[in-house]
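Structure, as structure tokens:
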There are 2 protein chains.
Amino acid sequence: MKVLDCTLRDGGYYTNWDFDGELVQKYFSSFEKLPVDYLEIGYRSLPEKEYRGRFYYLPNFVIDEITQLSKNKLLAIMLNEKSVQPKNLDKILDGLAPVISLIRLAVDPKNFDSALLLGEAIRKRGFDVAFNLMYMSKYANDESFLGKLSSLNGLASYVNMVDSYGGMVPEQVKILIHNVKSYCREAIGFHPHNNMELAFANSLAAIDAGCEIVDTTVMGMGRGAGNLRTELLLTYMASKNKLELDFNVLASLIEAWMPLYRKYEWGTNLPYMFSGGNSLPQKDVMEWVSQRFYSYNCIIQALHNQKSGEADNIRLPVFNPNKSFDNVIVVGGGPSAILHADAIKRFIDKLGNVCVIHASSKNAKKYDDVEVPQYFCLVGNEGHRLEVTFQQLEHFYGQCILPPYPRKMGTYIPERIKNSCYELEDILFTNKYKDAHTALALQTALNLSAKQVFLVGYDGYTNEAMTMREQGLVNENEYLFSSFQKTKIDLVSLLQTNYSIRINSVYEMI
Amino acid sequence: MKVLDCTLRDGGYYTNWDFDGELVQKYFSSFEKLPVDYLEIGYRSLPEKEYRGRFYYLPNFVIDEITQLSKNKLLAIMLNEKSVQPKNLDKILDGLAPVISLIRLAVDPKNFDSALLLGEAIRKRGFDVAFNLMYMSKYANDESFLGKLSSLNGLASYVNMVDSYGGMVPEQVKILIHNVKSYCREAIGFHPHNNMELAFANSLAAIDAGCEIVDTTVMGMGRGAGNLRTELLLTYMASKNKLELDFNVLASLIEAWMPLYRKYEWGTNLPYMFSGGNSLPQKDVMEWVSQRFYSYNCIIQALHNQKSGEADNIRLPVFNPNKSFDNVIVVGGGPSAILHADAIKRFIDKLGNVCVIHASSKNAKKYDDVEVPQYFCLVGNEGHRLEVTFQQLEHFYGQCILPPYPRKMGTYIPERIKNSCYELEDILFTNKYKDAHTALALQTALNLSAKQVFLVGYDGYTNEAMTMREQGLVNENEYLFSSFQKTKIDLVSLLQTNYSIRINSVYEMI
């Protein structure tokens, strides 16, 4: 049984394929002493519009560096079949021939025929080729697809079964591998995902069914809920005396990886479990879980919508206010909006021609007694929060604003306030983060013809060790503020803030 | 198939059985709406010397509160069989009769006969009794023990198989349950541990083999590597349409639990995998992993020793210095010892009759050129660190001091410095934390007849969000300093410190 560690390739989904140089050295020097056969070091790719780092393109000088660091492992790279054609191979494979043993193709079974042509072209250039077949839970009993696998005989070094959704159970894995083996005589591999904490159990089942090579990553680092942990498979094999393992080397590699783990916190959680259990793709989930400020609740809601094929629950009347307000107070979720509520309320009284927009309803209860029109941005899970904040909404008189239709992210709308809900026609002032609370709030202010927008409760974060979520929220808000400022409408914070916006203390204005 | 959630009981190992009141309310109100049958709410116990909280003793007023919170679940508590006798039952079961449906006994199979008597006595008082049989991986084929299980027929409501080491694989679980069923006709339950990330797979195997009740905890919170996650089992069952699940309730419970997770960070890691794979008990591992500042490396070393039955590798000559020093500089691992090294060195030059003790060798390289005797505390993994710091120790002239024999924690001694290693005869100035770096350093200072001890590199931690490990280290050092001060030997920090010790700036002394 062989092991392929693909940490740099699959873990790259978290780091955008950049890893600290010292960590890379540690990675290769550790694996020199660990009983693993292959290291998959990244992708080769044609240029893409968004930034991707070093291990996504693997330019030749990086390959050279790696061959200096890794002497006794077989090296592999991966190509995304859907974005590479045989005519690109001169460029894509340039400089790899002497040092890269194995090219793995990530293949959607739908594209099997073109993958076959690509694989043949790569094989002709002297590389070993493996086919990473994705979404295999859907094809375990699909004889018309499985039948095609016989064309891999004599071509593929091995055929890798990917449990893309992370929803397979050991029995299914056994059946899949058994079925594949009846069509394909090449070696079978397995690439598990850990959504249901079954990556290891499924791998044991795969090995039991005759699978000969398993993919692992350090600490399970990999897209979405992550992979089988290299250290788990190795420790298990060592405990069964199936290999010799230097725990000093392994432990110090894991400890070196720890800061990355603390930063990105990959691994499974409720949304990943849900997507695994219901065979839903992980790409969105990963973005929602790691980059943005969505609650589990509202991610699950969105996944429910995906599962039932709905973009969002309902189409709402478009927000076309017949009023306008020169002054708009936008209330964020920071604690300062509570601490200084008395001053803010005095300021509101003094202003005239003013309304309040709650970007988050976190602090809304404190402004319940303000007698100017109030708007509430309803994104994801805010509906539940409103219900709790305003005791089942019996005496709730605000209007709720939702993102434009169709909404990708599910939004919970409490029955009782259904008639006070409106959707924006469009969000025009920004080209990113259009479904964020703050984007909604600022667009609502624009729709209300605001001349001045006053922010409260946008404290920002001061601690050095910001979580990824906090960092994501900060980036998002900074981007939205800077986009909004292009409208030339005055944007000012009435309270202390760490964001790059002008401050006018509320206390000097009342 | 039934589910028993034992978060408050098993998660209590992390919180010392105290949980925040609001969280407890959230727990019970959530489970009112979740498809779980039993809630195990804690232990009843006779008084113990160390502090244990509310859910370890469950006084009657707490039971009353819980019955107000939980209306539609069956409630269970656990007794540790080894510390309860039939004569204690009046006290232990007082007030439980109307509200607690099930008493679970945690039983070491070695004590099965006395457990049987205890179980009968409890049954006579009208409670349902379940037997939680621990260490069952060792007894799966032990017919002489399994034969005894027939005496549970008619007595036990069910018999729970505990995978105490967390090292079982699905096939073993199936065999175990099959074998138990041939002796015992009562229902079988399963309590998995997640050391090898097999808690869920083993539970599926158990259910498949006819097990009727499974233990889970919220987010897997439980002793050591933790348990099967409640949310994982429920999400899986819902995806198979085996139960109705309100994901809003589940998601908001998980989110409420998140702060506890971030604080205690239970779950598996390399040491837990090693102990699982090698059937070693988790109690020590949990202490080492969560409370103290040991590297994975040295925990694994200690586990290696446990596995081979060694207390520690070798017996060393006792440290009986023929020198004495009026002044001792103890160097800790904080960054200030590097930042101010020049000043410290000037101070050392000025002092005379002085030696240096490196509690941690983290900063030792910076003091390499100091020409007074230097001692190095060798705990756990420091040997590896010394090798790295002093380039394979070719020009290393210090003496190394180890804790007294026998050492519970493994210590790596590099071959090259074996002849410069000594063990302390005893650590006398403190009754706790005797194998900590700082305990060693201070005892070494005492053995060298120090009249003044100067600390450098004991910066402490300033961030509000200290990790449990950092908090543990702070508590440990504070305790050691306060114990040392009882010796009346002057203890002073030469640099800024957050510890409660007197400061004399090194800059006013040179």
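Computed quantities for the displayed model
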| read-out | value |
| --- | --- |
| Difference of contour (0.36 nm per residue) and Cα-Cα distance, B:ASN419 to B:GLN496 | 24.1 nm |
| Charge dipole (segment B:50-175, unit charges on Cβ, about Cα centre) - positive-most of B:PHE55, B:PHE131, B:ALA97 | B:ALA97 |
| HN-Hα J in Hz across segment B:165-173 - Karplus 6.51, -1.76, 1.60, θ = phi - 60°, x for Gly and Pro | 7, x, x, 6, 10, x, 4, 5, 4 |
| Cα Rg, Dmax, segment A:1-67, angstrom units | 12.2, 39 |
| Shape category assigned to segment A:158-206 from the gyration tensor of Cα positions, a/c cut at 1.5 | prolate |
| B:LEU378 long-range amide H proximity, modeled H, under 5 Å | B:ILE401, B:LEU402 |
| Interface size B-A, as summed buried accessible area [1.4 Å probe, Å², nearest 100] | 3600 |
| Counted charge near A:LEU74, where neighbours are those whose Cβ lies closer than 15 Å (Asp, Glu -1; Lys, Arg +1) | -2 |
| Positive minus negative residues near B:GLU508 (Lys, Arg vs Asp, Glu; Cβ under 14 Å) | +3 |
| Chain A, helix-only ellipticity at 222 nm - DSSP H runs n ≥ 4, -39,500 (n - 2.57), divided by all residues, nearest 500 | -10500 deg cm²/dmol |
| Using θ = phi - 60° and Karplus 6.51 cos²θ - 1.76 cosθ + 1.60, couplings along segment A:35-44 (whole Hz; Gly, Pro as x) | x, 10, 8, 10, 10, 8, 9, x, 9, 10 |
| Sequence-distant residues sharing a close amide H with B:ILE357 (under 5 Å, placed H) | B:ILE329, B:VAL330, B:VAL331, B:TYR375 |
| Segment B:295-347-segment A:406-433 distance, computed between alpha-carbon centres (Å) | 61 |
| Between 0 and 90°, nearest 10: helix B:230-239 axis offset from chain B longest Cα axis | 50 |
| Listed residue (A:SER361, A:GLY457, A:GLN485) projecting farthest to the positive dipole end of segment A:327-508, Cβ model | A:GLN485 |
| Under-5 Å amide H pairs with A:ARG104, H placed in peptide plane, nonlocal only | A:ILE77, A:MET78, A:LEU79, A:ALA130 |
| Residues in segment B:223-243 that, when all protein chains are in place, have 30 Å² or more less accessible area than the chain alone would give (probe 1.4 Å) | B:ARG229, B:LEU232, B:THR235, B:TYR236, B:SER239 |
| Other-copy label distances relative to B:GLY352, 7 angstrom Cα-Cβ extension, nm | 8.5 |
| Shielding by partners, peptide B:204-212 (average Cβ within 10 angstrom, other chains) | 1 |
| Exam field: A:GLU265 pseudo-label spacings to other copies (7 Å along Cα-Cβ), nanometres | 1.3 |
| Nearest beta-carbon to the B/A symmetry axis - residue in chain B, distance in Å | B:ALA201, 2 |
| Anisotropy class of segment A:2-277 from Cα gyration tensor, a/c 1.5 cut | rounded |
| Inter-copy spacing of A:ASN322 label points, which lie 7 Å from Cα along Cα→Cβ, given in nm from shortest upward | 10.4 |
| Inter-probe distance in nm under a simple model that places probes 7 Å from Cα toward Cβ, at A:ASP64 and B:SER308 | 4.6 |
| Å² per residue, accessible surface of the protein assembly as shown at 1.4 Å | 41 |
| Listed pairs B:LYS323/B:LYS350; B:LYS87/B:LYS283; A:LYS434/A:LYS486; A:LYS2/A:LYS71; B:LYS148/B:LYS283 exceeding 22 Å between Cα atoms | B:LYS87/B:LYS283; B:LYS148/B:LYS283 |
| 37 °C / 0.692 mPa s Stokes-Einstein diffusion coefficient of segment A:327-508, Kirkwood radius on C-alpha pairs, µm²/s | 199 |
| Rg/Rh ratio calculated on Cα atoms of chain A (Kirkwood radius) | 1.05 |
| Between helix A:468-485 and chain A: long-axis angle, C-alpha atoms, 0 to 90°, nearest 10 | 50 |
| Within the accessible area of chain B (1.4 Å probe), percent carbon and sulfur | 47 |
| C-alpha center-to-center spacing [segment B:236-285, segment A:1-68] in angstrom | 30 |
| Dipole of segment A:164-300 [Lys/Arg +1, Asp/Glu -1 at C-beta], most positive-end residue of A:VAL180, A:PRO170, A:CYS298 | A:CYS298 |
| Karplus-derived 3J(HN,Hα), 6.51/-1.76/1.60, for each residue of segment B:361-368, Hz, glycine and proline x | 8, 3, 9, 5, 4, 5, 10, 4 |
| Cα-Cα separations in segment A:269-422 greater than 28 Å, expressed as whole percent | 27 |
| Acute angle (nearest 10 degrees) that the helix A:199-208 long axis makes with the longest principal axis of chain A, alpha-carbon atoms | 20 |
| Whether the protein assembly as shown is rounded, prolate or oblate, judged on the alpha carbon gyration tensor where a/c under 1.5 counts as rounded | rounded |
| Estimated inter-spin distance, A:ARG262 and A:ASP426, nm [label 7 Å along Cα→Cβ] | 4.7 |
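The values are calculated or read from the model by the stated rules, or taken from the named source; none is laboratory data. Values in this document were obtained by computation on a predicted structure and should not be read as measured data. As a convention, Cβ positions derive from the backbone with ideal geometry for all residues, glycine included, and neighbour counts pool all protein chains shown. Accessible surface is based on the protein model in full, side chains and every heavy atom, while ligands, DNA and RNA are left aside. Shrake-Rupley method; radii C 1.70, N 1.55, O 1.52, S 1.80 Å.
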